[in-house]
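Just below is one structure, and these are the notes that go with it.
Coordinate-derived values only; no laboratory data. None of these values were measured; they are calculated from a predicted model.
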Amino acid sequence: SFISLYSVFIPTASTNPKAALKSKIVAEFRPQSLIDELLLYKRSEDQIELKEKQLSTMRVDVCSTETLKCLKGKGSF
């Protein structure tokens with residue numbers, strides 16, 4: 001029949017390594033881990049934004065090495 005004649009041209013997971021890899025990726029996809037990673041990233045971005053706002057409201061004498069040492073010691077970026 002027509003379908004069986006041309007079925008040899010249709011890639012399958014066993015004959016196409018890329019198709020097998022795509023199939024494996026889809027089968028192993030865990031949306032919850034992606035959501036967790038995105039939430040972690042968002043929290044990190046929020047923390048950076050908060051620190052930037054705090055620093056912008058502070059009056060800092062950038063010529064004072066003591067002030068810079070204190071700022072550097074208060075947190076890590």
Length gained, Ala20-Asp36, 0.36 nm per residue minus C-alpha separation, equals 3.1 nm
Straight-line reach from Lys69: which aspartates and glutamates fall under 17 Å, measuring Cα to Cα and dropping same-chain residues less than 8 apart?
Asp61
